[in-house]
1. How many nm is it between the label spots at ASP59 and TYR96, if each spot is 7 Å from the Cα in line with the beta carbon?
2. What nm value, rounded to one decimal, do you get for the distance between ILE86 and ILE20 when each label is placed 7 Å out toward the C-beta?
3. Stretch SER136-ASN71 to full length: gain in nm at 0.36 nm per residue minus the Cα-Cα span?
4. What net charge is computed for the residues neighbouring LYS60, neighbours being all others with C-beta under 15 Å from the C-beta of LYS60, Lys and Arg scored +1, Asp and Glu -1?
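Nothing in this text is a laboratory measurement; each read-out follows from the coordinates by a stated rule. Note that the structure is predicted; figures quoted are calculated from it, not measured. Reconstructed Cβ throughout: ideal geometry from the backbone, glycine too, with neighbour counts over all protein chains shown.
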Amino acid sequence: LVINYCLNLLSSDLSLGASIQNTLFPHQEIRFRTQESWRSSWLPYNLRYGISYEKKIMDKNFTIAVDNLYNDFGANYSNLGFEYQITNSFVLRTGYKFNSDIDTLSFGFSTMRGNIIIDYGTNFTKDIDLMPHRISIKINI
């Protein structure tokens with residue numbers, strides 16, 4: 001279960017948000033497969049909070065956001081991200097994660113057609129073999 005809250009401050013350009021994750025089943029055990037064997041771990045409570053600023057540049061939306069994640073496993077790291085709307089149906093993103101096990105640069109994009117949104121993202125790591133790729137498809141009903 002995720003609880004989200006967003007508040008516009010001072011103007012419609014500045015937003016403050018927060019979310020609490022994994023609250024319904026605290027410390028639920030999950031199992032996953034590695035190359036060597038099956039392993040298990042617990043889902044921690046996550047608290048994420050941040051602020052974003054959105055502005056029109058050349059008649060397209062540009063957003064800068066900063067957030068922080070804290071969980072009960074002791075993780076405490078920050079993210080800085082930028083998003084720019086190239087066209088009405090294409091958005092570019094880049095960001096950086098600070099104070100994590102692997103400080104990392106990320107890149108992604110979204111493309112929209114009708115009620116379908118496709119998101120792609122990756123993180124650049126020192127080891128190219130460990131570079132994750134994430135793809136999601138969202139259908140607005």
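1. 3.3
2. 4.0
3. Values: separation 65, 0.36 × 65 = 23.40 nm, distance 2.46 nm.
My answer for the length gained is 20.9 nm.
4. Details: positive: LYS55, LYS56, ARG93; negative: ASP13, GLU54, ASP59, GLU83.
Net charge in that neighbourhood comes out at -1.
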